[in-house]
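Here the structure comes first, spelled out in structure tokens, and everything after it is commentary.
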Amino acid sequence: MGCCVSTSSRSTCSSGSRGEAVSPLCFEIGFCGTQRTKRTFSDHVITLQNLPSVPKRIFTNGKSRTSCIFTQQGRKGINQDAMIVWEDFMSEDVTFCGVFDGHGPQGHLVACKVRDALPLKLLSSMHSYQSRQNGSGGACLKGDLKKSDGSPEDRLNCLWKETFMKSYKAMDKELRSHPNLDCFCSGSTAVTIVKQGNNLFMGYIGDSRAVMGSKDSNGSMVAIQLTVDLKPDLPREAERIKKCKGRVFALQDEPEVPRVWLPFDDAPGLAMARAFGDFCLKEYGVISIPEFSHRLLTERDQFIVLASDGVWDVLSNEEVVEIVSLAPTRSYAARILVDSAAREWKLKYPTSKMDDCAVVCLFLDGKMDTESDYEEQGLSSATVQSNHSGNAIETDDGQKSELYLPRNFTVRSSEESDSYGRLAAEFEGNVDAVSTEDQNWSGLEGVTRVNSLVQLPRFSEERPNP
């Protein structure tokens, strides 16, 4: 299932720095009544085959003009995390970022597939919309604003929401019909953002998370959580799943981890309420419809961190923001954060296998440092880790004393699953008590990768009739 999109025209609308608002409905992917002065990659047809050669698109460890990304394999098998930063996405002032955490037998393939195909679907959807609006003349949409209801900002927000919804739906549909990728019991999370000028649009499913570092009125750095971890115990999620005959309950030895189960089998035990793939549960309440949100960025906002829950298992939002803000160089911020998470795994859970970690750090002022690498500064990775090791300390008696951070409990092995008891009663969910906690956006009870599923359904090889 290929995907391609052609954005055959380039706007010369304003595409200034973060503080300059972009002409809301121009999108900078079409004519605005002025002659084009620059030709970029978006003038060409983009296909999955030539994605690796796209300029300003990074998906392996490294840095770009405004960001750095890093992933590290855990100790549970192949790395099933994927990540991407695509600068000049549609235009010079639009950046796409995403982190994808796969789970199940083919989760690594699902995560990579979504990483590659989902941005193209967003491009295609936006280009189709502009083509319908512009017709053959390619006129700028600014001329139509007075004829439409709502402010330009509202229309832009509605358009991006529709684009995210359609693209996520198309992505899941492609996975269902993919001839070489079995997503029946495999899937992936997604946390994706589009930064257009000072507008930030976010679409996400699963339990990967986005957090922003911003300065308060006193100039102190604070952490702002941008996304909600979509767990089965959220009241709205649990209600939908139960209406679809799915079951939500926790295993006896991990009561903090509600999971989604088939109505007729104690499988697969998915620890998230929304995901790409996982088609064995799509008829029972698990969906791929993203949550969408929009935020206007200000000069106080410094950077955004996207990460899989291998990071959030062991580091709080505040710790993550502190680590990134204190990194000696921006270029190494993502790696420093992953190194810090790896250290915390060893300190907090020495008997557990570390989960995969993937991090994207996007710096909102559009700048990266010019300092030299660690070696030229006389710093080492170990030095940086020791400076950001979190709260764990060792006392005189050899015991570790630390602030307790609930983790995602993602260390279950398939061999152990048969011995685990079930809770006799299904998770009913105290709606009144939990609904207020929704706003805390706690994502520390989820499951990642291999252990997102406790076990495969007994009929996993038998596909239902479409």
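The values are calculated or read from the model by the stated rules, or taken from the named source; none is laboratory data. The model shown is predicted, which means the values in this text are computed figures rather than measured ones. Please note: Cβ atoms are built from the backbone with ideal geometry, for glycine as well, and neighbour counts cover all protein chains shown. These area figures cover heavy atoms from the full protein model, side chains too; ligands, DNA and RNA do not enter into them. Shrake-Rupley method; radii C 1.70, N 1.55, O 1.52, S 1.80 Å.
Assuming a ≥ b ≥ c are the square roots of the Cα gyration tensor eigenvalues, decide whether segment 295-338 counts as rounded (a/c under 1.5), prolate (otherwise, with a/b larger than b/c) or oblate. Oblate shape, in that a/c is at least 1.5 and b/c is the bigger or equal ratio. Near Ser220: Cβ cut-off under 12 Å, other residues only, Lys/Arg at +1 and Asp/Glu at -1. The net charge is -1. Taking all protein chains together, Asp154, Asp369 sort by accessible area into Asp154, Asp369, largest first [probe 1.4 Å].
Taking the accessible area of segment 73-120, probe 1.4 Å, and keeping the other protein chains in place, the carbon and sulfur fraction comes to 48%. Think of segment 288-329 as a dipole: +1 on every Lys or Arg Cβ, -1 on every Asp or Glu Cβ, centred on the Cα centre; then among Trp312, His294, Thr329, His294 lies furthest on the positive end. Heavy-atom accessible area with a 1.4 Å probe sorts Lys76, Lys231, largest first, into Lys76, Lys231. Rolling a 1.4 Å probe across the protein heavy atoms gives segment 159-280 an accessible surface of 29 Å² per residue. Using C-alpha pairs below 8 Å separated by at least 6 residues, the relative contact order for segment 158-272 is 14 percent. The string of couplings for segment 336-346 from the Karplus curve (6.51, -1.76, 1.60, θ = phi - 60°) is 4, 5, 5, 4, 5, 5, 4, 5, 5, 4, 5 Hz, one whole number per residue in order, with x for Gly and Pro.
Which value, in debye to the nearest 20, describes the size of the charge dipole of segment 267-357 about its Cα centre when Lys and Arg Cβ atoms bear +1, Asp and Glu Cβ atoms bear -1, and nothing else is charged? Computed about the Cα centre, the dipole is about 160 debye. Per residue, the Cα convex hull of segment 306-364 amounts to 72 Å³.
Any idea what diffusion coefficient segment 271-372 gets from Stokes-Einstein, in µm²/s, Kirkwood Rh on alpha carbon pairs, 20 °C, 1.002 mPa s? D = 134 µm²/s. In the structure shown, the pairs Lys173/Lys195; Lys76/Lys161; Lys161/Lys282; Lys113/Lys215; Lys242/Lys346; Lys169/Lys346 are assessed against 29 Å; a Cα-Cα span above that value is assigned to Lys76/Lys161; Lys113/Lys215; Lys242/Lys346; Lys169/Lys346. In the assembled protein chains, Cys185 presents an accessible area of approximately 10 Å² (probe radius 1.4 Å).
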